[in-house]
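These notes concern the structure reproduced below.
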Amino acid sequence: MKKRIISLLLAAAMTFSLTACGGNSSDDKKEETKTENTDNKETPEVDTIHWARANSGNILVTIAKQQGYFDEVGINVIENPVESSTAALQALQAGQVDVTSNQGTNNPLQFISTGSDFSIVGGYMLKGMYIIGKKDTQYKDVTSLKGSKFAYAGVHPVVGMALLDAGIDPNNDVEWLTYSTNSDRLAAVVSGEADYAVLSGDQLYAVGNNDQIEIKAWLDDLVPNYGCCRMNMNTDFVKKNPTTVKLLLKSLIRAEQWYLANKEECVKILAKEIGAEEDYVAAYLLNDNYVSSVDPCKNSVVKTWEAMIKMGFIDQADADKINIEDHINTELYKEALDECVTEYHDEDPDFYDGRVKFFEENDQ
């Protein structure tokens, strides 16, 4: 950012010098610049986006607002609170919100399989979920889950994928105990009702302050870059408003860069935004295994889709009618990323080079 400011000051100085030496007058120059900027700036088809907001919020949306990235591209993002993943996706389907981002990968894929015309255009959390167990429970790798009692709302798709890869039947070789909330799953392990549970970032503070349990594995250890939470929109909205979607993604990519460079400050910002204690937010936001990414992660989404069919989450007859790649839009993210690289690469070369490499490895 400092480099950009310095560059702008130098440019201003050069403009003044040229004018003094007989170039265009100051007023003429301003008018030319104004016209040029107007011509180059893209206008979003719609300027207001309604975003389904989960209890833990979305740090990238918060940063994009606070840093003025949405304002720069002419977009106003309104966050509408939702009570659950199902409620968020139902609101998206009904057109009550334009974007969902905290509802995992399997949930939107199930909606797509039953006829919802959603497009995955980006992502929020790349990884961050984990398996807990009591400290005296022996865990070696995913094979240790065979014969266990596992707390979740049915088979967990990522754990199920890892079990399948290990030659274990997730439906019959593990007893899945249904608990509707993360706090209930945590309590089930503490009480001994379940051997293991999958939890998300909002429980890291509670887990870290409970001396009876520990994290046995991060799901990324089981399935690398599994694409925890995808960013979903109605396909019709994406087709009608491609510039809006691209500019939205562009703002979020910039927010991702700022977040990674200012994590400590982000803890304070998000804690204030969601009305939580800073220690609670720091437990997940500063955890190295809690990783955000705006990238759509197409390859991981396809793998999850195929595994869900094998595990019976998606009916084969429904899957046969759908080409899941038609519901994963990587083009707009790539356009947004390319423009960010052109305009902001010097601010953080490592970040932008890393995003380009990640896209090449995970979306093609």
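The values are calculated or read from the model by the stated rules, or taken from the named source; none is laboratory data. These figures come from a predicted structure and were not determined experimentally. Methodologically, a virtual Cβ is constructed for each residue, glycine included, from the backbone with ideal geometry; neighbour enumeration extends over all protein chains shown. Heads up: the accessible areas ignore ligands, DNA and RNA and are worked out on the full protein's heavy atoms, side chains in. Shrake-Rupley method; radii C 1.70, N 1.55, O 1.52, S 1.80 Å.
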Problem set entry | Lone unmet requirement of (1) open to solvent by less than 50 Å² (accessible area, probe 1.4 Å); (2) out of contact with any Gly (no Cβ under 9 Å at 6 or more places or on another chain) for Cys228 | (2)
Problem set entry | Criterion violated by Pro296 - all others in (1) touching a residue at least 40 places away in the same chain (Cβ under 8 Å); (2) more than 24 Å from Ile75 (Cα to Cα); (3) in a loop (DSSP other than H, G, I, E, B) satisfied | (2)
Problem set entry | Close pairs (8 angstrom Cβ cut-off, 6 or more residues apart or separate chains): under 19 Å from Asn289 (Cα atoms) in the stretch 260-273, open to solvent by 20 Å² or more (accessible area, probe 1.4 Å) and part of a loop (DSSP other than H, G, I, E, B) anywhere | Ala261/Asp348; Lys263/Leu286; Glu264/Leu286; Val267/Leu286; Leu270/Ala276
Exercise. Residues of the stretch 323-364 being open to solvent by less than 80 Å² (accessible area, probe 1.4 Å), among the hydroxyl-bearing types (Ser, Thr, Tyr) and out of contact with any Lys or Arg (no Cβ under 7 Å at 6 or more places or on another chain), which ones?
Worked result: Tyr333, Tyr352
For this session: Mind listing just one residue for me: the one in the stretch 193-225 that is under 14 Å from Val158 (Cα atoms) and of a type in the set (A, V, I, L, M, F, W, C) and, of those, surrounded by the fewest Cβ atoms within 10 Å (Cβ to Cβ)?
Result: Trp218
Exercise. (1) more than 28 Å from Asn329 (Cα to Cα); (2) surrounded by 22 or more Cβ atoms within 10 Å (Cβ to Cβ): which one isn't true of Val294, the others all being true?
Worked result: (1)
Exercise. Here are some conditions: (1) open to solvent by 60 Å² or more (accessible area, probe 1.4 Å); (2) under 30 Å from Glu273 (Cα atoms); (3) modelled with pLDDT under 95; (4) among the polar types (S, T, N, Q). Gln67 meets all but one. Which one does it not meet?
Worked result: (3)
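Scan the stretch 78-101 residue by residue and report those that are surrounded by fewer than 23 Cβ atoms within 10 Å (Cβ to Cβ), among the polar types (S, T, N, Q) and closer than 18 Å to Ser56 by Cα. Write out each step before concluding.
Quick first cut of the stretch 78-101, residues surrounded by fewer than 23 Cβ atoms within 10 Å (Cβ to Cβ) only: 78-81, 83-87, 90-91, 93-96.
Applying the additional criterion that residues be among the polar types (S, T, N, Q) yields 80, 84-86, 90, 93, 96.
If the condition is that a residue be surrounded by fewer than 23 Cβ atoms within 10 Å (Cβ to Cβ), among the polar types (S, T, N, Q) and closer than 18 Å to Ser56 by Cα, then Asn80, Ser84, Ser85, Thr86 are the ones that fit.
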Exercise. Do we find a residue being at pLDDT 95 or above, aromatic (Phe, Trp, Tyr), under 20 Å from the mean Cα position of the chain (by Cα) and not in a loop (DSSP other than H, G, I, E, B) anywhere in the stretch 150-173?
Worked result: no
Seminar exercise, completed: For the stretch 142-192, the count of residues that are open to solvent by 50 Å² or more (accessible area, probe 1.4 Å) and touching a Phe, Trp or Tyr at 6+ places or on another chain (Cβ under 9 Å) equals 5
Exercise. Restricting attention to the stretch 310-322, and to residues there that are among the acidic types (Asp, Glu) and open to solvent by 70 Å² or more (accessible area, probe 1.4 Å), which single residue is nearest to Asn241 (Cα to Cα)?
Worked result: Asp320
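Which count do you get for residues in the stretch 247-273 that are open to solvent by less than 40 Å² (accessible area, probe 1.4 Å) and either over 24 Å from Tyr333 (Cα atoms) or modelled with pLDDT under 95 (or both)?
We begin by selecting, within the stretch 247-273, every residue open to solvent by less than 40 Å² (accessible area, probe 1.4 Å); these are 247-259, 266-267, 269-271.
With either over 24 Å from Tyr333 (Cα atoms) or modelled with pLDDT under 95 (or both) added as a condition, the list becomes 266-267, 269-271.
Qualifying residue count, the stretch 247-273: 5.
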For this session: Filter the stretch 97-138 for residues that are in contact with a strand residue (DSSP E or B) (Cβ under 7 Å, 6 or more places away or on another chain) and over 23 Å from Leu199 (Cα atoms) and give the result.
Result: Val97, Asp98, Val99, Ile112, Asp117, Phe118, Ser119, Ile120, Val121
Exercise. Counting only residues that are more than 28 Å from the chain's Cα centre (by Cα), assigned to a helix (DSSP H, G or I) and either among the hydrophobic types (A, V, I, L, M, F, W, C) or closer than 20 Å to Thr304 by Cβ (or both), how many does the stretch 190-211 have?
Worked result: 1
